[in-house]
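The values are calculated or read from the model by the stated rules, or taken from the named source; none is laboratory data. Keep in mind that what you see is a predicted model, and the values were worked out from it rather than measured. Here the Cβ positions follow ideal geometry from the backbone for every residue, glycine too, while neighbour counts run over all protein chains shown. Each accessible area value is taken on the protein alone, full model and side chains, heavy atoms only, with ligands, DNA and RNA left out. Shrake-Rupley method; radii C 1.70, N 1.55, O 1.52, S 1.80 Å.
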Amino acid sequence: MTTTRTRAAMPAGPAAARVDLRRMLRLARLDLTLMWRNRTAMFGVLGIPAFFSAMLVVGSGNGNTTAGIDAVLYTGTGDLAFFLIFAVFIHLTTGFTARREELTLKRLRSGPLSDLEVLGGSVLGAVLMYFAQSAVLVVIIMAVLDGGPPADPVLLLAGMLGGAAVCALLATALSGVTSTAEMAQFTVLPMLLLSMGLSGFMFPLDGMPTAVQAVGQVAPLTPVVEILRTAYLGRDYTVGGDHGTLGLVEGWTVCVPSLLTLAAWGVVGAWLARRYFRWEPRRG
């Protein structure tokens, strides 16, 4: 007699923990291929970041400054975090929702793949895409904006991976309460708007009212922006920082609060994903 798994939440048994990287890579390739064939998804994930990157090139050399550095360089280092919203958060929210409603997740889960492989393949594809976009940004920062190479590549990588993990977990959770892929265009808006206005990726939080700063500092993307900008420029660009030059140890030290905030969001995201993610379609 065969049984059908009908769990709605993410499981935690041994089978769920089995991971084969080769199978995940194949799923990641499939995920990217499907995105490439979907023009709407491709525009959201690739077109909008490409537009922001082009604006960096067009705006370079305008002479404006923000927080003591060139304004375009300030935005460019913030884009390293902001692109997570498109490549990871929005992409995975839409993808998981669509595949759940089309029964694709259920079919994949019924085969030899573990649950983590089914989800991890899509996450891996999104993260690889984000790193490719970030590599283009680094080239622009170095070649066009005269920003030089990252001052602390290890801290930069830690912030990128931590931010990708948090965005993937939040996307997994949000997909569970999103009824259709079309509805995902609206359910992702609060996170997108919060990240645009209160993460500090383009405008410093230091000059905003105290209440706004308080909200912005606990937003999911804010610690990523602080870590990546500080790591890239080698200067203290955490909220309230003096923008002074930092050594490698000092850079990690000033980013401890941001790293802890990011870790806290990871815990919250994991709980939300386990609580709200669904394998079964929401309809009927």
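Taking all protein chains as present, what is the carbon and sulfur share of the accessible area of the chain, in % to the nearest whole number, probe 1.4 Å?
Using a 1.4 Å probe with all protein chains present, the chain comes out at 68 percent carbon and sulfur.
Using the C-alpha gyration tensor of segment 16-135, what are the square roots of 5 times its eigenvalues, in whole angstrom, with the largest one first?
Ellipsoid semi-axes (Å, largest first): 35, 14, 10.
Of the listed values [x] 95, 38, 29; [y] 66, 41, 40; [z] 70, 35, 34, identify the label whose number matches Cα extents along the principal axes in Å calculated from this model.
Matching the structure shown: [z].
Please find, in a Gaussian network model of the chain (springs between Cα atoms separated by less than 10 Å), the residue of Ala67, Ala270, Ala184 whose mean-square fluctuation is greatest.
Ala67
Tilt of helix 71-84 relative to the longest C-alpha principal axis of the chain, in degrees (0 to 90, nearest 10)?
Here the helix axis deviates by roughly 10 degrees.
How large is the accessible surface per residue of the chain, computed with a 1.4 Å probe and reported in Å² as a whole number?
Working: 13410 Å² over 284 residues.
Dividing the accessible area of the chain by its residue count gives 47 Å².
What list of ³J(HN,Hα) couplings, whole Hz, do you get for segment 48-59 from phi and the Karplus terms 6.51, -1.76, 1.60, once you set θ to phi - 60° and write x for glycine and proline?
Those phi angles translate into 5, x, 5, 5, 4, 5, 5, 5, 5, 5, 5, x Hz.
Using only the C-alpha atoms of segment 157-284, find the volume of their convex hull and express it per residue in Å³.
Cα-based convex hull of segment 157-284, divided per residue, equals 110 Å³.
Viscosity 1.567 mPa s, temperature 4 °C: Stokes-Einstein D of segment 102-151 from its Kirkwood Cα radius, in µm² per second?
97 µm²/s
Would you please calculate the Kirkwood hydrodynamic radius of segment 184-242 over all C-alpha pairs and express it in Å, rounded to one decimal?
That comes to 11.8 Å for segment 184-242.
Only Cα pairs within less than 10 Å get springs; with that Gaussian network setup on the chain, which residue of Leu228, Leu103, Leu145 has the largest fluctuation?
Answer for the Gaussian network model of the chain: Leu103.
Please give the charge dipole size of the chain, origin at the Cα centre, charges +1 on K and R Cβ atoms and -1 on D and E Cβ atoms. Round to the nearest 20 debye. Spell out each step's value before the answer.
Values: 21 positive and 17 negative charges, 354 e Å.
It comes to approximately 1700 debye.
Tell me the angle of helix 256-276 to the major Cα principal axis of the chain, expressed in degrees between 0 and 90 and rounded to the nearest ten.
On a 0 to 90 degree scale, this one is about 20.
5 Å is the cut-off here: which amide hydrogens, built 1.01 Å from N in the peptide plane, fall below it relative to Arg235, excluding neighbours closer than 5 in sequence?
Residues meeting the criterion, in which the H sits 1.01 Å from N, are Leu246.
Considering the dipole of the chain built from charges on the beta carbon (Lys and Arg +1, Asp and Glu -1) around the Cα centre, which of Ser122, Cys255, Val188 is farthest to its positive end?
Checked the options; the winner is Ser122.
For the modelled label position 7 Å from the Cα of Met202 along Cα-to-Cβ, which residues of segment 74-113 have backbone nitrogen atoms closer than 15 Å?
74-86
Using θ = phi - 60° and the Karplus curve 6.51 cos²θ - 1.76 cosθ + 1.60, what whole-Hz ³J(HN,Hα) does each residue of segment 205-222 get, with Gly and Pro shown as x?
Using θ = phi - 60°, the values come out as 6, 4, x, 8, x, 4, 5, 5, 4, 4, 5, x, 5, 9, 6, x, 8, 4 Hz.
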